[in-house]
Amino acid sequence: MSRYLIYYSYVGTSYSGSQRQLLLNKAVDSKTVQGVLDLVLERLWRRQASKTVSSSRTDVGVHAISTTAHFDFTPRLSTSPHPTPAFVTMGVNQILSSSKNHSYLRIQKTRVVPKTFHCRYNANRRFYVYRLCVLKPEVRLSSHRSVILDPLVPVAERCRCHVVGPRLGSPFNVEAFKETIRLFNGEHDFLTFMASPSRCFPGKQTVRDLEASVTSGRPFMDPSYDSLYENWQFYDIHFNAKSFLYKQIRRIVGTAIGVGQGVITLSEVQHMLDAPSPDNWNVRLTLAASTGLFLRKIDYEEKDFTFPSEVTDVEQ
């Protein structure tokens, strides 16, 4: 048996989330990223294959620039050769490319890992970036556009960022937004910022050591190609931690947007952090859109890829 680690990317709006779904009557899961990977590997091996294990779970609409999964392969005969990493990468991509429904998923590379390696538990840090598209203060909206910003958004940015405009005539306060994001740096109990807290057991499981920062972002296309770009300023919100709670990032970004729009104050956010509780989530806040969130990379320590004394069966 050989264990393979695949690095892959996908457009989240094309799938019903990343995690495999258990369907009734043994129906085939072709709607999730993991379900599609399992189906493609079965087709590649031309038989029932080992199910993939993913390193992270993302919601519907969340994209991945680079994430990972592992799977095991055992040849039919002990004397049969094991597929090379290059064969896995090329074979999976060839099948995906031939499918109209799954052309938004790509394998970036494959490597053979020790049999003790686990893509989820061996992950050292997970890195995300959230793209925010803020209407410039000098842009004046006509009354019929005061709420609907969509006609002003470049088509290349659709479903790839979260759009923010003025509220009650006041422009978005970018500095207040940045100051709010800085509050979340360090070790905190993020219970308030976890959706569906019933998923978590009491105790230390909601404590996370988080790094968060805001940098100037950039558009997907050259702004000279679309005059609508002149209306917007882009920001990238970077997050990294060993792991995240359910919808934690989207709640944090939604909270910072709320401060930037004057919905709540910075002191109210501090209270949400200082007194972690599902009851302390401010109901005036909204969850940031999933389509602005990108899983950027999964980080591992190189020592976890070191094989023990036995020699791998796979040609590298």
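The values are calculated or read from the model by the stated rules, or taken from the named source; none is laboratory data. All of these numbers come straight from a predicted model, not from anything done at the bench. Glycine also receives a Cβ, built like all others from the backbone with ideal geometry; neighbour counts cover every protein chain displayed. Surface areas here come from the heavy atoms of the whole protein model, side chains and all, with no ligands, DNA or RNA. Shrake-Rupley method; radii C 1.70, N 1.55, O 1.52, S 1.80 Å.
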Extended-chain gain in nm, criterion 0.36 nm per residue less alpha-carbon gap, Arg46 and Val155: 35.2 nm
Residue-span extension gain [Thr13 to Tyr104] - 0.36 nm each, minus C-alpha spacing: 31.8 nm
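Starting from the alpha-carbon convex hull of the range 36-159, give the projected area averaged over all orientations, in nm².
Working: hull surface 45.0 nm².
Over every viewing direction, the Cα hull of the range 36-159 projects on average to 11.2 nm².
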Degrees between helix 85-97 axis and first principal axis of the chain (Cα, 0 to 90, nearest 10): 60 degrees
Two-decimal log10 I(q)/I(0) for the range 167-316, as the Debye equation yields it once each C-alpha is a single scatterer, q = 0.11, 0.14, 0.16 Å⁻¹: -0.54, -0.77, -0.93
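Given a cut-off of under 8 Å on Cα pairs at least six residues apart, what relative contact order in percent is computed for the range 35-117?
Numbers: 61 pairs, mean separation 20.9, N = 83.
Relative contact order here is 25 percent.
Convert 10 °C to kelvin, take the viscosity as 1.306 mPa s, use the Kirkwood radius over C-alpha pairs of the range 119-196 as Rh, and evaluate the Stokes-Einstein diffusion coefficient in µm²/s, rounded to a whole number.
Values: Rh = 15.8 Å.
Once the numbers are plugged in, D ends up at 100 µm²/s.
With Kirkwood's inverse mean 1/r over C-alpha pairs for Rh, give me the Rg to Rh ratio of the range 46-98, two decimals please. Write out the running numbers ahead of the final one.
On the way: Rg = 13.9 Å, Rh = 13.6 Å.
A ratio of 1.02.
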Label-point separation in nm, Lys136 to Ser277, each point 7 Å along Cα→Cβ: 4.6 nm
Solvent-accessible area, 1.4 Å probe, carbon plus sulfur percent, for the chain: 51 percent
Helix 33-45 axis, angle to the chain major axis (alpha carbon atoms, nearest 10°): 20 degrees
Cα-projected label distance for Leu228 with Ser66, points at 7 Å along beta-carbon direction, nm: 3.1 nm
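If you wrap a convex hull around the alpha carbons of the range 216-281, what volume per residue comes out, as a whole number of Å³? List each step's numbers first, then the result.
On the way: hull volume 8.6 nm³, N = 66.
Per residue, the Cα convex hull of the range 216-281 comes to 130 Å³.
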C-alpha long axis of helix 174-183 to longest principal axis of the chain, angle in °: 50 degrees
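Percent relative contact order of the chain, based on C-alpha pairs within less than 8 angstrom and at least six residues apart?
Numbers: 603 pairs, mean separation 78.9, N = 316.
Over the chain, the number comes to 25 percent.
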Separation of the Thr265 and Ile148 label points, Cα + 7 Å toward Cβ, nm: 3.7 nm
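Given N residues in the chain, what is its alpha carbon radius of gyration divided by 2.2 N^0.38 Å? Write down the numbers at each step before the final one.
Working: Rg = 21.9 Å, N = 316, 2.2 N^0.38 = 19.6 Å.
The chain yields a ratio of 1.12.
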Pair-distance profile P(r), taking every C-alpha pair of the range 70-133, with 5 angstrom steps and integer %: 3, 12, 16, 18, 18, 17, 9, 3, 2, 1, 0, 0
Alpha-carbon centroid distance for the pair the range 42-111 / the range 1-24, whole angstrom: 9 Å
